[in-house]
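To start, the structure itself, in structure tokens.
The values are calculated or read from the model by the stated rules, or taken from the named source; none is laboratory data. On a predicted model such as this, the values are computed, not experimentally measured, just so you know. Ideal geometry is used to build each Cβ from the backbone, glycine not excepted, and the neighbour counts take in all protein chains shown. What goes into the accessible areas is simple: the full protein's heavy atoms, side chains included, and nothing from ligands, DNA or RNA. Shrake-Rupley method; radii C 1.70, N 1.55, O 1.52, S 1.80 Å.
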Amino acid sequence: MSSLLASGSALAYTGAKWNLPEGVTEISHEVHGLHMMVFWICVVIGVVVFGAMFYSVFAHRKSKGAVAAKFHESTTVEIIWTAIPFFILVAMAIPAAATLVKMDDTRNADLSIKVTGYQWKWQYEYVGEDVSYFSTLAKTSNKARQLQSGVDVNTVDNYLVDVDNPLVLPVGKKIRFLITSNDVIHAWWVSQIAVKKDAIPGYINEVWTKIDEPGTFRGVCAELCGRDHGFMPIVVKALPEDEFKAWLAEKKGGGEQVAAAATTSVMPAAATMTDAAPAAEAPVEVAAVTPAPAAAAPAAAAGKSKEDLVAHGEKVYKGNCAACHQVTGAGMPPTFPALVGSKVATGPKAGAIAQVLKGKNMMPPFSQLSDDDIAGVLTYVASSWGNKGEIVQAADVAAARK
């Protein structure tokens with residue numbers, strides 16, 4: 001009973017409840033209609049078949065003196081019970097095939113989005129729009145799921161089905177998804193928009209949707225892809241077209257603004273991420289009007305102390321790295337190598353930075369982390385478990401991104 005209640009709660013969070021949802025797209029309505037048609041056909045068949053069985057057992061039981069009939073095959077009966085299922089299957093297959101053809105027709109899309117699965121997050125790239133970002137489990141859920149976190153998961157909104165960066169789509173537009181994977185097989189599934197496709201390394205699957213109404217729709221990875229398979233949810237946020245255009249323009253402008261702020265000569269090149277963040281968020285003109293005092297420049301150039309970097313890096317490590325490399329740094333070889341005595345952790349910092357930004361083998365890129373986060377976690381790894389590697393500053397990471 002406890003398991004049933006728990007599974008019911010989990011399904012309710014993603015909108016599925018106890019039945020296939022009708023969804024918010026034309027295709028999802030057709031799929032729901034087919035689902036219910038097949039369901040009721042099965043109900044009728046079940047009632048007829050099991051009704052006949054139970055009646056025969058009850059009405060012709062041995063205690064009433066029933067004697068088994070002694071007859072052999074009946075060609076007529078065999079034709080009948082073969083023909084009836086055949087026509088039932090044809091009646092179900094024709095509308096199902098028509099819907100499948102529609103689901104595979106990705107032509108004339110208004111927008112294409114490449115969806116890439118990683119262990120364990122999603123990357124969304126708006127093709128031709130120069131917008132790309134990662135979507136990971138929300139920090140509140142990620143913190144609550146940790147052992148001995150002390151957080152009551154019942155107090156966390158949308159526990160395990162919320163993300164930091166949802167996929168934002170326009171309402172009333174045909175969206176084509178190009179779905180693939182960077183490591184193992186995943187599956188991108190959002191039931192309310194009737195999209196479920198495998199994400200296979202080296203292969204691109206296509207599917208499309210056209211959402212009819214604004215809202216937030218939640219999904220999950222539907223393919224067992226590793227130990228954190230349950231911690232890579234999907235959130236789709238559908239906006240009216242004008243709001244979507246404003247969001248997209250803001251995303252584009254934000255990227256240009258950050259790039260402009262990174263190249264401005266007002267702030268020292270070796271400034272820490274903590275100091276640089278306000279300048280990146282504010283217009284460049286404002287930063288130029290209020291330059292940093294000359295006396296503060298040496299402190300900024302020096303970066304953070306090793307102690308501060310390690311303290312911050314430990315938090316980043318536990319939230320992003322410990323699942324694979326373990327809290328002790330021992331890893332789970334050969335898939336997830338140990339960081340204790342690792343050549344990458346104790347070698348030149350340029351190599352470690354490059355691996356975090358670009359990924360390698362089973363390790364996905366973590367370029368979505370801030371320069372400050374990457375500097376902290378690399379310094380923490382290089383200084384822990386007996387390692388004696390180099391200190392990494394945010395400026396080193398910023399330089400490597402260029």
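One table, with the values for the structure above:
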read-out	value
Calculated FRET efficiency for the pair Glu206/Ala249, C-beta based, R₀ 35 Å, to 0.05	0.85
Accessible area in the full protein assembly, largest first, 1.4 Å probe, for His186, His29, His35	His29, His35, His186
Area of Ile79 that stays accessible when all protein chains are in place (1.4 Å probe, Å², to 10)	110 Å²
In order through the stretch 387-397: 3J(HN,Hα) via Karplus (6.51 cos²θ - 1.76 cosθ + 1.60), integer Hz, x for Gly, Pro	5, 9, x, 7, 6, 10, 9, 4, 5, 5, 5
Karplus 3J(HN,Hα) series, Hz, for the stretch 101-108 with 6.51 cos²θ - 1.76 cosθ + 1.60 (x for Gly, Pro)	4, 5, 5, 8, 8, 8, 5, 6
Where a label projected 7 Å from the Cα of Ile88 along Cα→Cβ would reach, residues of the stretch 35-55 with amide N under 16 Å	35-54
Computed E for Thr75/Asp104 - FRET, C-beta separation, R0 60 angstrom, nearest 0.05	0.90
Accessible-area order (highest first, 1.4 angstrom probe) of the listed residues Leu167, Leu89, Leu20	Leu89, Leu20, Leu167
Cα-projected label distance for Lys318 with Val49, points at 7 Å along beta-carbon direction, nm	5.5 nm
Carbon and sulfur %, accessible surface of the stretch 120-177 computed with the full protein complex present, 1.4 Å	44 percent
Over the stretch 320-398, relative contact order from alpha-carbon pairs under 8 Å, at least 6 apart, %	27 percent
Most to least accessible of Trp40, Trp122 (protein chains only, probe 1.4 Å)	Trp40, Trp122
